[in-house]
Amino acid sequence: MSFIKLQKIFKLILIVLVIYAIYTFITSQEKLAQYNQEINTYQEQIASLKEQQEELQATKDNINSQEYIENMARENLDMYKPNERVYVDTSR
């Protein structure tokens, strides 16, 4: 083979490699953006679950308190203290 043919083949191979590198870079950037979006979604879920965990821990800490028991009796069982005035909203 002549030197000119080798140069053309080398240039062709080099062009193919550059195109492949650019394609690989672009697809990896797209995947990276997708993974970053998933990370943000998971971080939001973690924050939400931590808030829920804190609320449940607060409920657990207060579950045996007299005030919590009275509130649960009022809200869920419609129980009230003797001589306590109860107002009923009839507009609902």
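Here region 3-77 is treated with +1 on each Lys and Arg Cβ and -1 on each Asp and Glu Cβ, and its dipole about the Cα centre works out to around 1320 debye.
The slack in the chain from LYS11 to GLN34, taken as 0.36 nm per residue of separation less the alpha-carbon distance, amounts to 4.8 nm. The phi torsions of region 55-66, fed into the Karplus equation with coefficients 6.51, -1.76 and 1.60 and a -60° offset, translate into couplings of 5, 5, 5, 5, 5, 4, 5, 9, 5, 9, 6, 4 Hz, rounded to whole numbers, with Gly and Pro shown as x. Subtracting the Cα-Cα distance of ARG85 and TYR20 from their residue separation scaled by 0.36 nm leaves 15.5 nm.
Rounded to two decimal places and with Rh computed the Kirkwood way over Cα pairs, what is Rg over Rh for the chain? That ratio equals 1.66. Simple rule: put +1 on each Lys or Arg Cβ and -1 on each Asp or Glu Cβ in the chain, find the dipole, and look at PHE10, MET79, LEU49; the Cα lying farthest toward the positive end is PHE10.
Every number here is computed from the coordinates shown, using simple stated rules; none is lab data. Owing to the predicted nature of the structure, the values given are computational and were not obtained by experimental measurement. Quick reminder, even Gly has a Cβ in these numbers, built from the backbone with ideal geometry, and neighbours come from all protein chains shown.
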